[in-house]
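The values are calculated or read from the model by the stated rules, or taken from the named source; none is laboratory data. Remember, predicted model here, so these are calculated numbers, not experimental data. Reconstructed Cβ throughout: ideal geometry from the backbone, glycine too, with neighbour counts over all protein chains shown. Note: accessible area is taken over every heavy atom of the protein model, side chains too, but ligands, DNA and RNA are not part of it. Shrake-Rupley method; radii C 1.70, N 1.55, O 1.52, S 1.80 Å.
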Amino acid sequence: MITNSLKISQVLGILVTSRPLSYTTPPVTVTGEWTDERITSPHLVTVFAELKQGHRAVLGAHVTAIIESESGEPIIVTLNDNGAGADSVKDDGIYSRYVFQFPTDGRYALKILATWTNATLMEPALNNRAMYVPGYIENGTINMNPPKQLIATEVLSSNEPFSRIYFLGSFKITNVSEDTVLEDVFPPCKITDLEARLENDHIVLSWTAPGDDYDQGSASMYDIRMSSRPSDLHQDFTRTVFINASSLQPKNAGSRENFSFRLNNVTGEKGTITYIAIRSTDKASQQSDISNLAHVTRRVLREEDINFAYTSSHAKYNTTSVIVITGFVASLCLTLGFGLYCWRKQASYIILSHDDNIELQETSRSVEEAQTTLECHDQELPLHVTSNDDILEETVILFEE
């Protein structure tokens with residue numbers, strides 16, 4: 001307890017020092033800055049805060065900017081590291097946000113509060129902190145850089161929570177009035193993380209939603225355009241190919257947007273590079289800057305690919321043809337053989353039956369002739385009977401015969 005024993009006021013200074021918990025592990029630190037010290041409304045302030053442990057970026061922390069006026073409630077704004085709005089690069093440990101809603105004139109104090117969360121990650125130190133560029137265009141030819149190296153993140157253990165406060169200083173706001181507070185003077189922020197990929201005949205787009213006023217609120221609509229020449233999107237955006245996205249309702253700032261559309265025959269020719277850009281509009285018909293350009297390429301088949309595809313399909317066709325023809329010939333041979341066998345068997349049966357009929361007919365004819373002969377003999381006997389001697393003679397003749 002500190003008391004003043006004198007009758008006059010005294011200046012009291014307190015110096016607080018601290019030391020790290022471990023001499024081998026550096027502590028988590030936070031630093032920050034803002035853009036201007038003297039601001040004339042309506043004008044915005046961009047607040048930055050960098051959170052790191054040694055040379056490693058700390059991701060997923062809860063970082064807020066607390067702006068305190070000379071009188072009234074403080075303004076609390078959450079800073080983001082999502083690569084949208086005021087934040088240039090996603091997941092680099094630098095948290096950013098636009099601030100422009102000041103109730104009155106006066107001086108405002110600014111401080112940063114960073115706290116640990118369950119989603120806090122620690123990025124390993126990088127040898128080069130330059131932004132990765134996937135490729136470049138030289139004389140109309142796209143040259144791709146090597147793929148970006150994947151860097152594993154390390155989860156901070158639960159026994160390492162932290163809470164840091166960093167005082168940035170103060171700035172002065174002038175020209176604040178009711179008109180400047182209520183008037184919608186800020187357009188949506190520029191979309192900086194537009195991505196595009198090709199799935200079959202559809203282009204799938206994804207980006208972080210901007211706000212009605214920079215990165216706060218929600219936009220009113222999106223204007224999506226595409227062209228085969230990137231310069232047209234920058235210089236003459238409204239004359240490029242329009243993509244109907246009226247069914248897409250913009251989400252709140254910071255949300256992830258997804259939209260897909262189908263390529264037509266003109267823009268979907270194989271081998272062409274299609275560039276896409278977006279411009280958002282707020283309720284006051286104010287338009288944002290044109291987004292970064294995303295592109296997709298429909299692959300052109302090379303001559304060796306075409307020859308290989310033709311050879312493979314031709315060989316496959318020949319193999320299939322041989323199998324089909326062989327099966328057909330085998331089936332035909334079996335059918336003909338079985339038919340020939342049945343025909344020969346039937347023919348043999350017919351010949352055998354014919355011979356038997358001939359023999360039966362000849363036998364029947366012999367029997368009929370014998371009967372006829374006997375009948376004739378029976379009929380002739382009475383004609384030659386004249387006496388007993390004649391009868392005996394005819395009997396002897398008949399017996400001899």
| task | Check ASP87 against each of (1) free of Cβ contacts under 8 Å to residues at least 12 places away in the same chain; (2) among the acidic types (Asp, Glu); (3) surrounded by fewer than 17 Cβ atoms within 10 Å (Cβ to Cβ) and name the one condition it does not meet. | result | (3)
| message | Show the residue pairs meeting these rules: Cβ distance below 6 Å; 6+ apart or different chains; first residue within the stretch 99-113 and over 13 Å from ILE66 (Cα atoms) and among the aromatic types (Phe, Trp, Tyr); second residue part of a loop (DSSP other than H, G, I, E, B) and open to solvent by 20 Å² or more (accessible area, probe 1.4 Å). | response | PHE100/LEU44
| task | With respect to LEU51, determine if the residue is hydrophobic (A, V, I, L, M, F, W, C), within 16 Å of LYS111 (Cα to Cα) and in contact with a Leu (Cβ under 9 Å, 6 or more places away or on another chain). | result | yes
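Scan the stretch 60-84 for residues that are in a loop (DSSP other than H, G, I, E, B) and open to solvent by less than 10 Å² (accessible area, probe 1.4 Å) and jot them down. Full working, then the answer.
Going through the stretch 60-84, the residues in a loop (DSSP other than H, G, I, E, B) turn out to be 60-61, 70-74, 79, 81, 83-84.
Result: LEU79, GLY83.
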| task | Identify the residue in the stretch 126-153 that is surrounded by 11 or more Cβ atoms within 10 Å (Cβ to Cβ), within 28 Å of the chain's Cα centre (by Cα) and within 21 Å of ALA57 (Cβ to Cβ) and, among all such residues, is modelled with the highest pLDDT. | result | TYR132
| query | Before we move on, is GLY32 in contact (Cβ under 8 Å) with a residue 40 or more places away in the chain, within 30 Å of PHE186 (Cβ to Cβ) and in contact with a Ser or Thr (Cβ under 8 Å, 6 or more places away or on another chain)? | reply | no
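Name every residue in the stretch 248-260 that is in contact with a Leu (Cβ under 8 Å, 6 or more places away or on another chain) and either among the β-branched types (Val, Ile, Thr) or open to solvent by less than 40 Å² (accessible area, probe 1.4 Å) (or both), in order of residue number.
At the first step, the residues of the stretch 248-260 found to be in contact with a Leu (Cβ under 8 Å, 6 or more places away or on another chain) are 257-260.
Scanning the stretch 248-260 gives GLU257, PHE259.
Taking the stretch 231-247, which residues are surrounded by 15 or more Cβ atoms within 10 Å (Cβ to Cβ) and either in contact with an Asp or Glu (Cβ under 7 Å, 6 or more places away or on another chain) or over 22 Å from ALA209 (Cβ atoms) (or both)? Give the steps one after another, and end with the answer.
The initial filter retains those residues of the stretch 231-247 that are surrounded by 15 or more Cβ atoms within 10 Å (Cβ to Cβ), namely 232-233, 237, 240-241, 243, 245.
ASP232, THR240, VAL241 - these are the residues of the stretch 231-247 that are surrounded by 15 or more Cβ atoms within 10 Å (Cβ to Cβ) and either in contact with an Asp or Glu (Cβ under 7 Å, 6 or more places away or on another chain) or over 22 Å from ALA209 (Cβ atoms) (or both).
Residues of the stretch 216-230 being open to solvent by 50 Å² or more (accessible area, probe 1.4 Å) and modelled with pLDDT of 90 or more, which ones? Steps first, please.
As a first pass, look at the stretch 216-230 and keep what is open to solvent by 50 Å² or more (accessible area, probe 1.4 Å): 220-221, 228-229.
Once the filter is applied, which keeps residues that are open to solvent by 50 Å² or more (accessible area, probe 1.4 Å) and modelled with pLDDT of 90 or more, the stretch 216-230 yields SER220, MET221.
Residues that are within 26 Å of ASP81 (Cα to Cα) and in contact with a Lys or Arg (Cβ under 7 Å, 6 or more places away or on another chain): find the strands (runs of 3 or more DSSP E) completely inside the stretch 2-59 holding 3 or more of those. Break it down into steps so the answer makes sense when it comes.
Numbers: elements: 28-34, 38-40, 45-53, 56-59.
In the stretch 2-59, the matching strands (runs of 3 or more DSSP E) lie at 28-34.
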| request: Among what's in the stretch 254-294 and is closer than 19 Å to MET221 by Cβ and among the aromatic types (Phe, Trp, Tyr), pick the residue that is modelled with the lowest pLDDT. | output: PHE261
| said: Among the residues of the stretch 90-119, what is the count of those that are buried (at least 16 other Cβ atoms within 10 Å of the Cβ), in a loop (DSSP other than H, G, I, E, B) and modelled with pLDDT of 85 or more? | reply: 3
| said: Being farther than 20 Å from SER247 by Cα and at pLDDT 85 or above is true for just one of ASP179, ASP213, ASP184. Which residue is that? | reply: ASP213
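Only one of VAL89, VAL77, VAL58 is of a type in the set (Val, Ile, Thr) and either farther than 28 Å from SER288 by Cβ or more than 38 Å from the chain's Cα centre (by Cα) (or both). Can you tell me which? Explain how you work it out, then say what you get.
Values: VAL89 fails: either farther than 28 Å from SER288 by Cβ or more than 38 Å from the chain's Cα centre (by Cα) (or both); VAL77 fails: either farther than 28 Å from SER288 by Cβ or more than 38 Å from the chain's Cα centre (by Cα) (or both).
Result: VAL58 is the single residue among VAL89, VAL77, VAL58 that is of a type in the set (Val, Ile, Thr) and either farther than 28 Å from SER288 by Cβ or more than 38 Å from the chain's Cα centre (by Cα) (or both).
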| query | Which one of these is β-branched (Val, Ile, Thr), within 30 Å of PHE261 (Cα to Cα) and either modelled with pLDDT under 80 or open to solvent by less than 70 Å² (accessible area, probe 1.4 Å) (or both): THR192, THR174? | reply | THR192
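Might you let me know whether the stretch 15-24 holds any residue that is under 14 Å from PHE100 (Cα atoms) and modelled with pLDDT of 80 or more?
Let us first name the residues in the stretch 15-24 that are under 14 Å from PHE100 (Cα atoms), namely none.
No, there is no match, as no residue in the stretch 15-24 is under 14 Å from PHE100 (Cα atoms) and modelled with pLDDT of 80 or more.
Within the stretch 21-33, can you find the residues that are closer than 25 Å to HIS62 by Cα, open to solvent by 50 Å² or more (accessible area, probe 1.4 Å) and not acidic (Asp, Glu)?
As a first pass, look at the stretch 21-33 and keep what is closer than 25 Å to HIS62 by Cα: 21-22, 25-33.
Restricting the remaining residues to those that are open to solvent by 50 Å² or more (accessible area, probe 1.4 Å) gives 21, 25-27, 29, 31, 33.
Hits for the stretch 21-33 are LEU21, THR25, PRO26, PRO27, THR29, THR31.
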